[in-house]
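The values are calculated or read from the model by the stated rules, or taken from the named source; none is laboratory data. This is a predicted model, so every value here is computed, not measured. Virtual Cβ from ideal backbone geometry, glycine too; neighbours counted across all protein chains shown. The protein model used for the area step is the full one, side chains on, heavy atoms only, and it has no ligands, DNA or RNA in it. Shrake-Rupley method; radii C 1.70, N 1.55, O 1.52, S 1.80 Å.
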Amino acid sequence: SETIIFAVIDQGLHRGPSFLGVLSTLQGIGAVAGGLTAARGLRVLGDVHVAGIGMAGFAVGEFSFVSTNLPLVAAGVIVAGFGVSWFIVGLMTALQVRTPLRLQGRVSSAADVFISTPQTISIAVGAALIAVVDYRALVVVESVAVSLCAAYLLTRRSIAPAELPQARSAELAGQPPP
């Protein structure tokens, strides 16, 4: 999506590269709204489902990029921003509440590698693909892939963070979790 957006702006919306600033602002609005609501989502749904809903929102928002209709793309960017926030909050919460304290630094570093390396590679691959494949086809493939990942997460049993404090409290006291 980091390379596709330029094709969306240029070929789909027929705007200049500076229009990325407008879309980035809209994405930020969605992200702030997502951030403000994610804590409640965690309490009600649990980390796994918040991450899944975030991925689903991102996929729906990104799918709007196949359109050349500016209001639809703008709404999609807002939804995608919201989804990214929920996904990140769900993921980071899962890492923190499901990882023993003594391993959190290592797990966080490993997660960063497993996120940033494919992201960097996808930017390079996306830049190459966008030159030979219609960006709308790439949007569809991306949206389907993210939707499948979201569906997987949404079909998993989620443990709400409210169910985990006993294990965390025991660990802090140096006792094995119940």
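Could you check region 67-83 and list, in sequence order, the residues that are open to solvent by 50 Å² or more (accessible area, probe 1.4 Å) and either within 8 Å of Gly30 (Cα to Cα) or touching a Phe, Trp or Tyr at 6+ places or on another chain (Cβ under 6 Å) (or both)?
Ile78, Val79, Phe82
Test Ala170 against the criterion of being at pLDDT 55 or above, assigned to a helix (DSSP H, G or I) and not hydroxyl-bearing (Ser, Thr, Tyr), and give yes or no.
no
Hey, any hits in region 55-72 for a residue that's touching a Lys or Arg at 6+ places or on another chain (Cβ under 7 Å) and of a type in the set (Val, Ile, Thr)?
yes
Among the residues of region 101-144, what is the count of those that are under 17 Å from Val66 (Cα atoms) and either open to solvent by 50 Å² or more (accessible area, probe 1.4 Å) or without any contact (Cβ under 8 Å) to a residue 40 or more places away in the chain (or both)?
Count: 10.
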